[in-house]
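S.K.: Quick one: structure below, then a few questions.
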Amino acid sequence: MTGARRFGTGVLGVGVLLGVLELVGRTGAAGDTWPPLSSVLSYGAGEPGRVILARATRATVAEAATGLLAGVLAGVAAAGLGLVVPWLRAGMSQLAVLLSTVPLIALGPVLVTTVGNERTPPVIAALGAGFAVFVAMSSAFSAPRTSLDDVFEVLGASRASTLARLRAPAAVPAFFDGLALAAPAALLGAVVGEWFGAPRGIGVLLVSSMQNFAVVQLWAAALCVSLVSLAAYGTLTGVRRASVRRFT
Amino acid sequence: MSGAVVDNGRPSRGTDAGHAAVELRGVVKEFPLSRRREPLRALDGVDLTIAHGEFVALLGPSGCGKSTVLRMIAGLEAPTAGSVEVAGGAPAALIERHRLGVAFQDAALLPWATAWDNVALPFRLAGRPVPEERVRALLETVGLEGFARARPKQLSGGMRQRISIARAMALEPDVLLLDEPFGALDAVTRRRLNLELGAVWARLRTTTVLVTHDVAEAVQLADRVVVMTGRPGALAHVEPVSAPRPRGEDFTRGHAFHEVVDRLVALLDDPSDGRR
């Protein structure tokens, strides 16, 4: 009952927000750069908007996915290395924090000259995603000792089997925690990366829409990438919740 | 409770029959507090010899160092001075051969694994194939044969503790270490589990060290009750309990049982009287 009511309130809230968006656009209260929502949607649904958006989204999602995969692998590997070789841990955390504090915007031109403009979006995506996963995993790996560690030690478990049978399964919820943050970060990283002259993608569409004053297309592109990001976050939060049920 | 698990009624002695099962000599344990302060002396010269097949209960108030003694026998802590030998060698040697079993106050089960997999864990950690028949028999021994596929959070605290005990016994260890295994359970469940543990133990006769602050539990289960006093921990009194096994409810209701319990409670209340 309360669940249904909460859901109803949520739907009502979103509805009010969308209505305000539409109203501001219709009346032109915020100027020319705020189009009514309905025209943004109808641009996205019709030709050629649908084709343009689909192509750009596909490109961005592909770059983000590549970056996410690379970042997740690197983040898990780095956190795992810190677990196996404890004296590396402090240095790696500092390096990760340092990398994450460098503004992505500042990194872009450097990357374009080193890895090329085609590979810049996935690399920036990987940096953002890798940091999220690394932080989540290393905090899971450095959780304080419990009596389960004592049991493993008394039973004569090797380091490898302690890792495989205790540390790794215990870190699964934290992994999905990190992944739920990493996926939107990867998407954002890919879009930012595309600003530096990638051949296609949402970022490119945003830049060209801005320069050509294609306001409706600009909004449609932003809406598109937001929806993909929300969907990824929502899905992964669900997976994380299921993993908490399964692994704790 | 089936007899299928325990056809060897005698304790497993291994090759080192000449040694005591557990031997502590002049054991001192200090924990560093900070650089400026004196270290905390948790144990001050503990001597204790436990024979093969003996059940010894370490009884004392919290903070008397009884768990520290158990953790040293388990190889989880090293003594500051003195020596701890298990089966004639360092605890680490026994751990390496997977000959030690342990159960803690919190059951310490893998939350993602079923009851069956938790009992099978010692075999897997020892790198041995899991003998299905044996795991099933262990679950049956602790009365959980119908819960093999259940995960710990689906079970009650008492059931989790039963799994923990079954896991401790899985590899037929040379020494079984129990650190207040039923300490977090309600009085009724605790009493029932103690009766069951006593019955299982009467058949297995594994060398066992039980740490507890419950006097009745210690007297009911142990061959010898070692009373410890606190800060720094030392042995205050050793009470042999020679009642025959299995000790059922007739034993715990008897006059002799209550006489011993009352005496030990009095000793814990004013330990200086019992110091030798």
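The values are calculated or read from the model by the stated rules, or taken from the named source; none is laboratory data. Every value quoted in this text rests on a predicted model; they were computed, and no experiment measured them. Glycine gets a Cβ as well: all are built from the backbone with ideal geometry, and neighbour counts include every protein chain shown. Heavy atoms of the whole protein, side chains included, go into the accessibility calculation; ligands, DNA and RNA do not. Shrake-Rupley method; radii C 1.70, N 1.55, O 1.52, S 1.80 Å.
S.K.: When the accessible area of each residue in the stretch A:145-191 is compared between its chain alone and the complete protein assembly (1.4 Å probe; ligands, DNA and RNA ignored), which residues differ by at least 30 Å², being lower in the assembly?
M.R.: A:S147, A:L148, A:D150, A:V151, A:F152, A:E153, A:V154, A:L155, A:G156, A:R165
S.K.: Considering chain A as a Gaussian network with a 10 Å cut-off on Cα pairs, which listed residue, A:R145, A:R55, A:R89, attains the greatest mean-square fluctuation?
M.R.: A:R145
S.K.: Can you run phi through the Karplus equation (6.51, -1.76, 1.60; θ = phi - 60°) for the stretch A:225-230 and list ³J(HN,Hα) in whole Hz, with x for Gly and Pro?
M.R.: Result, ordered by residue: 5, 5, 5, 4, 4, 4 Hz.
S.K.: Roughly what % of Cα-Cα distances in the protein assembly as shown sit above 38 Å, to the whole percent?
M.R.: Of all Cα-Cα pairs in the protein assembly as shown, 48 percent lie more than 38 Å apart.
S.K.: Per residue, how much accessible surface does the protein assembly as shown expose to a 1.4 Å probe? Answer in Å², no decimals. Each step should come with its number before you reach the end.
M.R.: Values: 25140 Å² over 524 residues.
Heavy-atom SASA per residue in the protein assembly as shown reads 48 Å².
S.K.: Would you mind getting the Kirkwood hydrodynamic radius of the stretch A:150-239 from its Cα pairs, rounded to one decimal in Å?
M.R.: 16.1 Å
S.K.: What number does the stretch A:1-66 give for Rg over Rh if you use C-alpha atoms and the Kirkwood radius?
M.R.: Result: Rg/Rh = 1.15.
S.K.: Using a Gaussian network for chain B with springs between C-alpha atoms less than 10 Å apart, which of these wobbles most: B:I163, B:I73, B:I95?
M.R.: Highest fluctuation among the options: B:I95.
S.K.: Just the number, please: buried accessible area between A and B, total of both chains, 1.4 angstrom probe, nearest 100 square angstrom.
M.R.: Details: alone 14250 and 12870 Å², together 25140 Å².
Summing both sides, the interface buries roughly 2000 Å².
S.K.: Express the Stokes-Einstein translational diffusion coefficient of chain B in µm² s⁻¹, to the nearest whole number, given a Kirkwood radius over alpha-carbon pairs, 4 °C and a viscosity of 1.567 mPa s.
M.R.: Once the numbers are plugged in, D ends up at 67 µm²/s.
S.K.: Need one value: the accessible area of B:R191 in square angstrom, 1.4 angstrom probe, rounded to the nearest 10.
M.R.: Surface accessible to solvent at B:R191 totals approximately 110 Å².
S.K.: Let me ask something else. Which whole-number value in Å³ per residue fits the convex hull of the alpha carbons of the stretch B:107-172?
M.R.: Each residue corresponds to 74 Å³ of Cα convex hull volume.
S.K.: Would you list A:F152, A:F213 from the most to the least accessible area, probe 1.4 Å?
M.R.: A:F213, A:F152
S.K.: Another one. Any idea how far apart B:D47 and A:R50 come out in nm if each label point goes 7 Å out from Cα toward Cβ?
M.R.: That separation, rounded to one decimal, is 9.2 nm.
S.K.: Further question on the same structure: Does the stretch B:20-139 come out rounded, prolate or oblate by the C-alpha gyration tensor, with a ≥ b ≥ c the root eigenvalues, rounded set by a/c under 1.5 and, if not, prolate when a/b is larger than b/c and oblate if not?
M.R.: Since a/c reaches 1.5 and a/b is larger than b/c, the shape of the stretch B:20-139 is classed as prolate.
S.K.: Suppose we keep just the DSSP beta bridges with both residues in the protein assembly as shown; what percent of those would be antiparallel, to 5?
M.R.: Antiparallel: roughly 50 percent of the beta bridges in the protein assembly as shown.
S.K.: Can I ask one more? Can you give me the Kirkwood hydrodynamic radius for chain A, using every pair of distinct Cα atoms, in Å to one decimal?
M.R.: 20.5 Å
S.K.: Oh, and also: Across the residues of B:107-117, average count of Cβ atoms on other protein chains within 10 Å?
M.R.: Working: counts 3, 7, 3, 8, 6, 7, 2, 0, 0, 0, 1.
Mean shielding by partner chains, rounded to a whole number: 3.
S.K.: Separate question: Just add up the charged neighbours of B:V226: K/R +1, D/E -1, any other residue whose Cβ is under 9 Å from the Cβ of B:V226.
M.R.: With Lys, Arg at +1 and Asp, Glu at -1, the net is +1.
S.K.: Then there's this: Please report, in cubic angstrom per residue, the volume enclosed by the convex hull of the alpha-carbon atoms of the stretch A:1-147.
M.R.: Each residue corresponds to 212 Å³ of Cα convex hull volume.
S.K.: Summarise the accessible area of the protein assembly as shown (1.4 Å probe, protein heavy atoms) by the percent that is carbon and sulfur.
M.R.: Carbon and sulfur together cover 62 percent of it.
S.K.: Continuing with the same structure: Could you work out the relative contact order of the stretch A:36-247? I mean the mean sequence separation of Cα pairs under 8 Å and 6+ apart, divided by the number of residues, in percent.
M.R.: 31 percent
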